[in-house]
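Below: the structure, in structure tokens.
The values are calculated or read from the model by the stated rules, or taken from the named source; none is laboratory data. Bear in mind that the values here come from a model prediction, so they are computed numbers and not experimental data. So basically every Cβ, Gly included, is an ideal-geometry build from the backbone, and we count neighbours across all protein chains shown. The accessibility values were calculated without ligands, DNA or RNA, using every heavy atom of the protein model including side chains. Shrake-Rupley method; radii C 1.70, N 1.55, O 1.52, S 1.80 Å.
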Amino acid sequence: MLINFTFQNFRSFRDEKTLSLEAGSIKELKESVITKGTYRLLPVAVMYGANSSGKSNVLMALMVMRNVLLESVRLNPKDELDFQPFKLNLTSVHEPTSFEIQFLLDDVKYRYGFDYDKTHICKEWLYEKCEGQREFNLFLRVDSEFEVSKSRFPEGLGKESATPANRLFVSLVAQLNGAKSMRILDWFNNCNYLSGVDSRGYEGFTLKMFNEHLDGCKQALDFFHHTQLGFNDLLVTEKIFSDETLSGKMQVPDALRTKLMEELKGVKVMEAKTTHNIYDENGNVNGIASFDKDEMESEGTKKIIEMSGPIFDTLKFGKILIIDELDAKLHPLLTRSILQLFMDSEINTNGAQLIFATYDTTLLNLAYLRRDQIWFTEKDNTESTDLYSLLEFKDERGAKIRNDRSVQKDYINGRYGAIPFLK
């Protein structure tokens with residue numbers, strides 16, 4: 001589980017900021033807090049802010065850290081890194097980006113991070129803390145200098161000189177079968193990012209889940225029925241690609257059709273159909289018909305179907321799901337239903353976490369979210385983004401926000417900032 005994430009000098013963020021999923025000492029929704037040993041962690045964090053305020057950059061920072069680590073194995077020594085510093089400052093544009101993440105893995109807390117620029121890793125570090133013990137350093141790297149613990153990280157010994165300047169040490173050691181390093185990479189592999197605007201990118205994962213009746217299939221169907229999306233069942237079958245498939249899914253010029261058909265000949269594709277009741281003139285069910293999902297269903301219903309695979313896979317295996325603009329195309333009640341899947345301790349039994357950005361202010365209600373789960377992004381007069389939670393926000397008198405406030409009304413009225421300033 002994610003404990004907190006700290007980053008600096010990334011896109012619109014010049015200064016160091018931390019997104020924390022540690023539960024504060026507050027009373028609301030205590031039953032949703034996930035207890036792991038001495039840690040009390042939150043299943044959900046949600047971000048609000050005006051357009052271009054930087055809330056998407058918080059999510060992107062998490063995924064860029066993940067991608068730099070997981071793609072490190074593919075780098076050649078001269079390849080450049082995904083370096084995106086804050087460019088509106090004469091100093092920061094030449095300084096490294098910094099990422100550090102703290103997470104629980106089998107009741108052990110790891111603290112891992114690195115600083116980097118376009119061409120090399122400037123610093124890299126890994127710490128470990130077992131329950132009831134102090135934190136131990138497994139290794140520390142500064143440019144080409146390494147300090148590796150012989151007793152706690154023997155898998156890294158002797159591999160220092162084999163690490164290129166642009167390669168992360170943890171990645172290299174994992175590639176050489178280092179046990180702890182491989183588990184750390186596996187944890188990052190369980191962090192998944194979705195776009196709430198374009199859900200087609202993960203449709204294949206969902207359709208495979210339904211076609212093969214994998215874990216999460218039944219829970220997804222139960223969720224469809226609970227939210228009354230209007231169809232009875234989702235039928236997914238595998239078929240050979242055909243001209244009929246092509247014409248049904250996309251508009252293709254005649255000049256390209258022959259070429260595409262040749263290239264896709266024999267390729268297997270998933271076909272999804274929803275079933276609906278057929279009624280007689282008295283309103284009685286008189287049969288069932290199936291229709292192509294993309295032709296029959298609304299954009300919101302298609303999005304819910306396509307997202308269901310990653311959502312229920314995350315819940316089943318205790319992963320982390322990151323979604324930008326979760327509410328796009330969805331009714332507020334549907335957005336709330338997805339949120340409640342993660343907040344319900346009887347459904348979320350494996351410590352799954354959801355982090356998302358939204359404009360849906362109906363969720364700004366302390367019956368649905370705790371104050372420490374609500375985060376805001378706002379730019380200062382130098383266009384650098386600030387990140388702060390409702391729990392740590394103080395009003396003009398220096399007082400913290402009480403749990404009896406109307407948070408939605410206060411936010412719309414600009415009490416917490418993070419809204420568009422319309423001249």
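Of everything in region 211-244 that's hydrophobic (A, V, I, L, M, F, W, C) and part of a strand (DSSP E or B), which residue is surrounded by the most Cβ atoms within 10 Å (Cβ to Cβ)?
The initial filter retains those residues of region 211-244 that are hydrophobic (A, V, I, L, M, F, W, C), namely 214, 217, 220-221, 223-224, 229, 231, 234-236, 240-241.
Cutting the leftovers down to part of a strand (DSSP E or B) gives us 234-236, 240.
Numbers: Leu234: 22, Leu235: 15, Val236: 19, Ile240: 11.
The extreme case among them is Leu234.
Can you tell me which residue among Asn348, Asn403 is open to solvent by 60 Å² or more (accessible area, probe 1.4 Å) and of a type outside the set (D, E, K, R)?
Details: Asn348 fails: open to solvent by 60 Å² or more (accessible area, probe 1.4 Å).
Selected residue: Asn403, the only one of Asn348, Asn403 that is open to solvent by 60 Å² or more (accessible area, probe 1.4 Å) and of a type outside the set (D, E, K, R).
In contact with a His (Cβ under 9 Å, 6 or more places away or on another chain) and farther than 23 Å from Leu138 by Cα - does that describe any residue in region 20-28? Give the derivation first.
Keep residues of region 20-28 that are in contact with a His (Cβ under 9 Å, 6 or more places away or on another chain), which gives none.
Checking region 20-28: not a single residue is in contact with a His (Cβ under 9 Å, 6 or more places away or on another chain) and farther than 23 Å from Leu138 by Cα.
Counting just the residues of region 318-335 that are part of a helix (DSSP H, G or I) and in contact with an Asp or Glu (Cβ under 8 Å, 6 or more places away or on another chain), which one comes out farthest from Asp215 (Cα to Cα)?
Residues of region 318-335 that are part of a helix (DSSP H, G or I), as a first pass: 332-335.
Then drop every residue that is not in contact with an Asp or Glu (Cβ under 8 Å, 6 or more places away or on another chain), which leaves 332, 335.
On the way: Pro332: 27, Thr335: 22 Å.
Of everything passing the filter in region 318-335, Pro332 is farthest from Asp215 (Cα to Cα).
Does any residue of region 340-357 turn out to be under 15 Å from the mean Cα position of the chain (by Cα) and assigned to a helix (DSSP H, G or I)? Explain how you work it out, then say what you get.
So in region 340-357, the residues under 15 Å from the mean Cα position of the chain (by Cα) come out as 342, 351-357.
Restricting the remaining residues to those that are assigned to a helix (DSSP H, G or I) gives 342.
Yes, some residue in region 340-357 is under 15 Å from the mean Cα position of the chain (by Cα) and assigned to a helix (DSSP H, G or I).
Name the residues in region 406-423 that are farther than 18 Å from Gly54 by Cα and open to solvent by 60 Å² or more (accessible area, probe 1.4 Å), would you? Outline the logic, then answer.
Just the residues of region 406-423 that are farther than 18 Å from Gly54 by Cα, to begin with: 406-410, 412-413, 415, 423.
Within region 406-423, Ser406, Gln408, Lys409, Ile412, Asn413, Arg415, Lys423 meet the criteria.
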If you check Lys329, Lys302, which single one turns out to be basic (Lys, Arg), open to solvent by 10 Å² or more (accessible area, probe 1.4 Å), in contact with a Gly (Cβ under 7 Å, 6 or more places away or on another chain) and modelled with pLDDT under 95? Lys329
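For region 277-296, how many residues are in contact with a Gly (Cβ under 8 Å, 6 or more places away or on another chain) and in contact (Cβ under 8 Å) with a residue 40 or more places away in the chain?
Start the filter on region 277-296 by keeping residues that are in contact with a Gly (Cβ under 8 Å, 6 or more places away or on another chain), which leaves 277-278, 292, 294-295.
Next cut, in contact (Cβ under 8 Å) with a residue 40 or more places away in the chain only: 277, 292, 294-295.
The total comes to 4.
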Quick one: what pairs do we get from region 157-184, first residue over 17 Å from Leu126 (Cα atoms) and open to solvent by less than 10 Å² (accessible area, probe 1.4 Å), second among the aliphatic types (A, V, I, L, M) and part of a loop (DSSP other than H, G, I, E, B), C-beta under 7 Å, 6+ apart or different chains? Asn166/Leu75; Asn166/Leu81
